[in-house]
Amino acid sequence: MDFTLSDEQQMFADTARTLLGDTCTLDHWHKLMEQGAAFDPARWAQIVENGFAALMLPEAAGGMGLGELDFALIAIEAGYVALPEPLVESAGIGAPLLASLAPDHPALADPAAIIAVAPAINPVVANADIAAAILIERDGHAFVTMPDKVRLTPVESIDPFRRLFRIEWDDAEDLGPADWGLALDRAAVFAAAMGMGLAQRAVDLAVAYAKDRTQFGKPIGSYQAVKHHLASAQTAIEFARPMVLAAAAEIANGDVQSRARASQAKIVALEAAEQAARASIQVHGAMGYSWEVDVHLFLKRALALKQSWGTPAFHRSRIAARIFSQPVGADQTFARENDHA
């Protein structure tokens, strides 16, 4: 597979990196936490204005009609800043699913509208209280409703920027059978992409600290033990990167192999994110466990994503289905299903 980014893909990634890097800073996190908030309307308005909320909507619905690989690059940048706003959940999963079922739904007419998703695999729903529409899975069908028509019970998250709810509902519009498998694959890959960003930011924070913090008269980054910790974390990131890109490129195939790729990407990328965050905390020493050092937020986001849209055990079962149903080996790594006929 050729993962060379096109000029357009690189432009979108660079734009997202600049926008999110400028508006979602460490200082801004602290201000949100002091206010007890997890959503910045001003930043969301800029995200919408730059077209990121409509990247995966078809052109007929006012979107750009881009694919999963394009959006995965944006998800990486969202992970790098641990973006509080539900760009990935709404623009990457909810909006495309709603557009495929009800292209004329009023929520799609507003580019700033947030679409929350309540799949059967998730016991809780993110951002249901601020959504313009909530998509709920039941028996393979998708039902759509609004926050004021359901009963929402807040659920505490390990991540202070994730607003989670349990939903009770009696009546909603049945949109018919939905491709929840595609939604799950997208969610798994985009969570993996966010994990890539989280991991890289955790390493970058540790490297910056190791350069400035001195002990026994020299920077702690000069000590081999510190180098080994960070090198191992960076190696895990580089190992996960092609898995995430390959999974994003193949989501549309919708077969046992593409599903296994999505699951493998989620497992490996979020393990890399957890490893990187824990290594970063250790490099920071005792301060790494305090609120004064922000790396703990990256660890919490990684742990939260690890359990959403399928636990590691669930995703391992999908990988097992691929292993036991098709030939395996180095020569099969990038083979397609129909190649085995």
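The values are calculated or read from the model by the stated rules, or taken from the named source; none is laboratory data. Since this is a predicted model, take the numbers as computed values, not measurements. Every residue, glycine as well, gets a Cβ built from its backbone with ideal geometry; the counts of neighbours run over all protein chains shown. Surface areas here come from the heavy atoms of the whole protein model, side chains and all, with no ligands, DNA or RNA. Shrake-Rupley method; radii C 1.70, N 1.55, O 1.52, S 1.80 Å.
Measuring with a 1.4 Å probe in the full set of protein chains, what accessible area per residue, in whole Å², belongs to the chain?
45 Å²
Give me the one-decimal nm value for the distance between modelled label points at Ser232 and Ala37, 7 Å along each residue's Cα-to-Cβ direction.
4.1 nm
Could you list the residues of the stretch 75-101 with an amide nitrogen less than 15 Å from a label point located 7 Å from the Cα of Trp169 in the Cα-to-C-beta direction?
94-95, 97-99, 101
What list of whole percents do you get for P(r) of the stretch 184-298, with Cα-Cα distances grouped in 5 Å bins up to the one holding the largest distance?
For the stretch 184-298, the pair-distance distribution reads 2, 14, 21, 18, 14, 11, 8, 6, 3, 2, 0, 0.
What is the ratio of the Cα radius of gyration of the stretch 104-213 to 2.2 N^0.38 Å, with N the residue count, to two decimals?
Dividing the Cα radius of gyration by 2.2 N^0.38 Å gives 1.33.
Would you calculate a helix-derived [θ] at 222 nm for the chain, using -39,500 (n - 2.57) for each DSSP H run of n ≥ 4 and dividing by the full residue count, to the nearest 500?
Here the helix-only value at 222 nm equals -17000 deg cm²/dmol.
Of the residues Gly217, Gly51, Gly288, which exhibits the maximal mean-square fluctuation in a Gaussian network model of the chain defined by a 10 Å Cα contact cut-off?
Of the options given, Gly217 has the highest mean-square fluctuation.
Ignoring ligands and nucleic acids, what accessible area does Glu34 show with a 1.4 Å probe (Å², nearest 10)?
Result for Glu34: roughly 150 Å² accessible.
Could you please state how large a percent of the accessible area of the stretch 1-54 is carbon and sulfur, counting protein chains only and using a 1.4 Å probe?
Carbon-and-sulfur percentage of accessible area, whole number: 49.
Calculate one ³J(HN,Hα) per residue across the stretch 164-180 by plugging θ = phi - 60° into the Karplus curve 6.51 cos²θ - 1.76 cosθ + 1.60, and present them in order as whole Hz with x for glycine and proline.
My calculation for the stretch 164-180 gives 10, 9, 8, 10, 10, 8, 10, 9, 7, 7, 7, 8, x, x, 10, 7, 5 Hz in order.
Tell me, what ³J(HN,Hα) does each residue in the stretch 212-217 have, in order and in whole Hz, if you take phi through Karplus 6.51 cos²θ - 1.76 cosθ + 1.60 with θ = phi - 60° and put x for Gly and Pro?
Working through the residues one at a time gives 8, 7, 10, 8, 6, x Hz.
If I compute solvent accessible area with a 1.4 Å probe over the protein chains, what percent of it on the stretch 194-331 is carbon and sulfur?
Solvent-exposed carbon and sulfur of the stretch 194-331 make up 60 percent of the total.
For the stretch 2-94, what D do you get in µm² per second when you plug the Kirkwood radius from alpha-carbon pairs into Stokes-Einstein at 37 °C and 0.692 mPa s?
The estimated diffusion coefficient comes to 239 µm²/s.
Taking every alpha carbon pair in the chain, what does the distance histogram look like in 10 angstrom bins from 0, in percent?
Taking every Cα pair in the chain, the percentages come to 6, 25, 34, 24, 9, 2, 0.
Quick one: Karplus J couplings for the stretch 30-47, per residue in order, coefficients 6.51, -1.76, 1.60, θ = phi - 60°, nearest Hz, x for Gly and Pro?
Residue by residue, the stretch 30-47 yields 4, 5, 5, 5, 5, 8, x, 9, 9, 8, 10, x, 5, 5, 4, 4, 5, 4 Hz.
Which whole-number value in Å³ per residue fits the convex hull of the alpha carbons of the stretch 219-282?
66 Å³
If you take the Cα Rg of the stretch 1-157 and divide it by 2.2 N^0.38 Å, with N the number of residues, what do you get?
Ratio of Rg to 2.2 N^0.38 Å for the stretch 1-157: 1.06.
How long is the gain from Arg151 to Glu292 if the chain were fully straight, where each residue apart is worth 0.36 nm and the alpha carbon distance is subtracted?
Answer, rounded to one decimal: 47.1 nm.
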